[in-house]
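Q: Mind looking over this structure? Questions follow.
The values are calculated or read from the model by the stated rules, or taken from the named source; none is laboratory data. Note that the structure is a prediction, hence the values are computed from the model and not measured. Don't worry about glycine lacking a Cβ; one is built from the backbone with ideal geometry, like all the others, and counts go over all protein chains shown.
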Amino acid sequence: MTTVAPPWALLAELTHACPLRCGYCSNPVELVGRSAELTTEQWAGVFAQAGALGVVHTHLSGGEPLLRRDLPDLVAAADAAGLYTQLVTSGVGLGERRLAGLVESGLRSVQLSVQHADPAVAERIAGARSFAAKERAARLIREAGLPLGLNAVLHRGNLDALDELIRLAVAWGADRLELAHTQYHGWALRNRAALLPTPGQVERARSTIARWRERLGDYLELVWVAPDLLDATAKPCMGGWGRISLTVAPDGTVLPCPAAGSLPGLDPPNVREHQLGVIWRESKAFNAFRGESWMPDPCRGCALRATDHGGCRCQAYALTGDPARTDPACRHAPDHHVVRDLVHDLVGGPRRLAYAYREAPREAPQAQREVPRDLRRGIRDLQREEGP
Amino acid sequence: MTSLRPAARQNAAGWAPALVPNVTAWRPALARGVLPRHDPVRDADLLLLPERVVVLHGRAGAVLARCDGSRTVAGIVAELSAEYPGAPVAAEVPDFLAGLRKEGWLT
Ligand code: SF4
Ligand code: SF4
C-alpha cells in the first residue's frame, strides 16, 4: 500500500451527554453513557498521539463538552500536544469563570450552536431552555476576544427565517455563520419527515444568502452546507474517508466519520487497544473506503470523484443497505430513485413541525407533544416517547 | 474586538484605496485566533485558524515571524532583504502582507 498521508484534524466527542435535545441531532440513537467515557488521562493520551501523528486542529465537541468537568485539563492537554483547540458548544453552562478557565488553558476559538433567532422557536427546536444562555455565551466569548463562529442546522422549521438568523449573527458579533442542512444520520433520521425542507424553501434560502453575502462582504463569513437530498448532489464526505480527519467517540472508538459507527462490519478500533497512528494507517475501518479503489460505477469514471469522494457512505448504507454503493443523493447514482421518491413523499406530506426528542429529564413544552406524521421507521418508538 | 475582522475587512470594496495613506504606519501583527506553528511531521510552516489550516510556502513563515506588531512593513522588508540578499523582497512582501490583511489574518 502507498504511504498514508497524516490527518489534519481530530473531532473529539468528549461526551454524548447534552442539555439540549435537538430533533436534528446526528449523534447515534444509542448514546455512550457517562461511565463508558474516556478518562482525562486517556483523552490526554489521544491528543498527544494525534499531535505526533500530524493533527494540528481539534474540535472539542459532544454532546455538550462543557459537561466534562475536566474540560480545562483536556484543553490544556490538547494545547500542549500542539493542537489548535476549538470548543463546539450549545453555550449552556458557559459562564464567565468557566470561559476564563478555558482560555487560560489555551482555548483558541468557540463555535456556538443556534437553532433560530426567535427564542421561543429556538427552544422548541432544541427541546430545552437555552436561548438566554447562548446569548450570554456569545457576549462573553466576544469579550474574551476569541473568534466566534455560530452554527445553525437548517431544516424545514428555520429555513424561512434565515434573514433573522443572519441578523442575529451580526448582532452577536460572530465572525462566521455556518448554515448547514441537516444530515440524516443518527437521531435526525427519525425526524426526517419533520425536518426535510421543501425545494421552494431551499431556493428562497439560496437567494437570501446571495443577497446577504453581497451586503456583508467579508464582514461575516457565511458558509452554506447544501441539502444533498434536494440538490441531487452527493456531499463531499469529510474531505475523503481517512484522508483529512478522524473522530474519537466518547468511549474511545475511532471513526473515519462521526456517523460511521452505524455501518455494518466496520469493526471500528478503539484508542484503549491501539495507538492512533496504527489505527489511522492500518485499521480495516480507515482503509475501507479510503482513496478510490473501492468505488463502484458510476463514481469510478466520474470527474467529480476527487471532489465529493463518491458521497456519503453512511447515507449509501441507510438508503440502500450497502455502504459501498454510490451515494443515492447523487443524480447519477443507480439508486437515485430512492431519494427522488423519498423527497416526493416527504415534501408532499403534511407540514407538521413536530420532532421526536431524546428522552430528557425536562418536561417538553406543550407544542412538542405531537407525533410526527409519516415516519417510516421508528414510529413505534416515537409513540412511546411522545405519547399520541 | 478580535482582529478576525480588522478594519480593512469591514469595507471590502474600499479597502485598498483606504490603505494607501496608512501603509507606511502599518505594523502587521497576527490577528487574534491566528496561530503560527511549525509542523514537524510535515516540516511545514502553518497558520492555524478556527476552521482552517494555511500551509505557508517558501519564506512566508520567515515573513510572518516578523509580524509581531513592532515592525513596519518597511522594517520587515529591510530585515528580510538583509537576510536573503537577492530575493525579490521589496517587490513581493508588501503585497503578500496586504493579501493576508485582506483575509483577516493580519491586523
Ligand atoms: S460518510 Fe457521510 S456522514 Fe460520514 S463523513 Fe462522510 S459524508 Fe459525513
Ligand atoms: S457519480 Fe459518484 S463521483 Fe460522480 S458525482 Fe455522483 S457520487 Fe460523485
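Q: Do any residues in segment B:12-36 that are modelled with pLDDT under 50 have Cβ atoms under 7 Å from those of residues that are surrounded by 14 or more Cβ atoms within 10 Å (Cβ to Cβ) and part of a helix (DSSP H, G or I), where the two are at least six apart or on different chains, and which pairs are they?
A: Final answer for the pair search is B:Trp15/B:Ala8; B:Trp15/B:Lys102; B:Leu19/B:Ala8; B:Leu19/B:Ala98.
Q: For segment A:13-59, which positions are of a type in the set (Asp, Glu) and in contact (Cβ under 8 Å) with a residue 60 or more places away in the chain?
A: A:Glu13, A:Glu37
Q: Same structure again: Let me spell it out: the conditions are (1) within 14 Å of chain A (Cβ to nearest Cβ); (2) at pLDDT below 90; (3) within 30 Å of A:Val56 (Cα to Cα), and B:His57 meets all of them except one. Which number is the exception?
A: Going through the list (1) within 14 Å of chain A (Cβ to nearest Cβ); (2) at pLDDT below 90; (3) within 30 Å of A:Val56 (Cα to Cα), B:His57 breaks only (1).
Q: Report whether or not A:Ile244 is surrounded by fewer than 23 Cβ atoms within 10 Å (Cβ to Cβ), more than 16 Å from ligand 2 (Cβ to nearest atom) and within 14 Å of chain B (Cβ to nearest Cβ).
A: When the stated conditions are applied, A:Ile244 passes them.
Q: Is it the case, given these coordinates, that B:Val77 is not basic (Lys, Arg) and not in a helix (DSSP H, G or I)?
A: The answer is no for B:Val77.
Q: Shifting gears a bit: With the structure loaded, tell me whether A:Val29 is part of a helix (DSSP H, G or I) and away from chain B (no Cβ under 14 Å) or whether it fails that test.
A: In short, no.
Q: Hey, among A:Ala333, A:Ala324, A:Ala329, A:Ala306, which residue is near ligand 2 (Cβ under 9 Å from one of its atoms), free of Cβ contacts under 8 Å to residues at least 60 places away in the same chain and either surrounded by fewer than 22 Cβ atoms within 10 Å (Cβ to Cβ) or not aromatic (Phe, Trp, Tyr) (or both)?
A: That would be A:Ala306, the only listed residue that is near ligand 2 (Cβ under 9 Å from one of its atoms), free of Cβ contacts under 8 Å to residues at least 60 places away in the same chain and either surrounded by fewer than 22 Cβ atoms within 10 Å (Cβ to Cβ) or not aromatic (Phe, Trp, Tyr) (or both).
Q: Taking segment A:323-337, which residues are away from ligand 1 (no atom under 16 Å from the Cβ) and within 25 Å of the chain's Cα centre (by Cα)?
A: Correct list: A:Arg331, A:His336.
Q: It is to be established whether one or more residues within segment A:174-182 are in a loop (DSSP other than H, G, I, E, B), within 16 Å of ligand 1 (Cβ to nearest atom), surrounded by 23 or more Cβ atoms within 10 Å (Cβ to Cβ) and not basic (Lys, Arg).
A: yes
Q: Now a separate question. Just for segment A:272-303: of the residues that are within 14 Å of ligand 1 (Cβ to nearest atom) and not in a loop (DSSP other than H, G, I, E, B), which one is surrounded by the most Cβ atoms within 10 Å (Cβ to Cβ)?
A: A:Phe286
Q: Identify, please: which residue in segment A:309-321 is touching a residue at least 60 places away in the same chain (Cβ under 8 Å) and assigned to a loop (DSSP other than H, G, I, E, B) and is, among those, farthest from ligand 2 (Cβ to nearest atom)?
A: Step by step, filter segment A:309-321, then rank; the result is A:Cys312.
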